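See below for the structure under consideration.
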Amino acid sequence: MAGGSKDPGRSVISKISAILLAVSEGSAPTLTEIAARSDLPLSTVHRLVTELAAWRVLERDGEGRYRAGPPLRTIGAGSACSGHELDDGAATPAARIRDRSVPVIEDLFRATGAPVRVGFLDGAAVAYVEKAAGHLPVSSPSPAARLPAHATALGKVLLAFSSPRTVDALLSRELVRYTTSTVTRAERLRWSFRTIRAARIAVCDRELDQDWCGVAAPAFGAGGDVVVAIELRVQDLARDVPALRAPLVVAAGWLSRELAQLVRPYARVGPVPAPVQRGSA
């Protein structure tokens, strides 16, 4: 029996189709219920459903039940609308941004081979999704996925195009020094923001982690406000940035068009991430 199926020779496409049809019957079935409806072994259902959930084709709730994920809901909505409407209004800003960003992230990763992040300000930190490796999908939004704004290329480019009130609120706090290269002096950061606004590119030179650098560009909404930033993680700024700048800027422009209909997430300045080492640079 192919792949442990109860039906000899059953293809992978047939198994996945049966799983999706089982989920579409409603009532958010469990793995056991999906196995019964699809006539597949529980082990096969567990393996395939886990992978479908990783790609967000399916979503798992806190009770272990499954329902259609954003891609399937978007396809379903396409029969009733033009396709230009926003995603589900009940989705969080991070989830809607993630859905709009996936094609850009995937394309930029293929073009550069560098890990890609897209993030927006959430308090004093940056909420983000990322693609870290070719065999992995773009990550899902998570409260644990936060980066310090002052010590990353993502955060610095977002702050450079944010309101003075947002910048003042963050710089009035004691900023954490993560490495010997972390800039924590408000005057130096304000000067860097002016440079970033002129160049529309921000860099991070081992300011969060001694092992890597980053380069980021802003993406804007329909009103001209910065919505998110897109970042490439690199090993050497002098060597890598010249070759990566053009595809990064193109991706940021594409992302701006994708996000034009989204409402800008409100930049709330909240608690600074837990300190690792304090000091000044």
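The values are calculated or read from the model by the stated rules, or taken from the named source; none is laboratory data. For clarity, every value in this text was computed on a predicted model and none was experimentally measured. Don't worry about glycine lacking a Cβ; one is built from the backbone with ideal geometry, like all the others, and counts go over all protein chains shown.
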field: Residues of region 163-180 satisfying the condition of being touching a helix residue (DSSP H, G or I) at 6+ places or on another chain (Cβ under 9 Å) and under 27 Å from Arg245 (Cβ atoms)
entry: Thr166, Val167, Leu170, Tyr178, Thr179
- prompt: modelled with pLDDT of 95 or more, part of a helix (DSSP H, G or I), within 19 Å of Leu147 (Cβ to Cβ) and in contact with a helix residue (DSSP H, G or I) (Cβ under 6 Å, 6 or more places away or on another chain), is that true of Ile196?
  reply: yes
- prompt: Out of Arg268, Arg264, Arg245, Arg173, which single residue is of a type in the set (Lys, Arg), closer than 16 Å to Arg100 by Cα, at pLDDT below 95 and surrounded by fewer than 19 Cβ atoms within 10 Å (Cβ to Cβ)?
  reply: Arg264
query: Listed residues Val215, Val250; which is within 15 Å of Gly113 (Cβ to Cβ), of a type in the set (Val, Ile, Thr) and more than 15 Å from the chain's Cα centre (by Cα)?
result: Val215
- prompt: Got a sec? Which of Ser11, Ser43 is closer than 24 Å to His135 by Cβ, of a type in the set (Ser, Thr, Tyr) and at pLDDT 85 or above?
  reply: Ser43
message: Restricting to region 26-64, and then to whatever is outside any helix (DSSP H, G or I) and of a type in the set (Lys, Arg), can you tell me which residue is surrounded by the most Cβ atoms within 10 Å (Cβ to Cβ)?
response: Arg56
field: Candidate set from region 118-157 (those that are modelled with pLDDT under 95 and basic (Lys, Arg)); member that is nearest to the chain's Cα centre (by Cα)
entry: Lys131
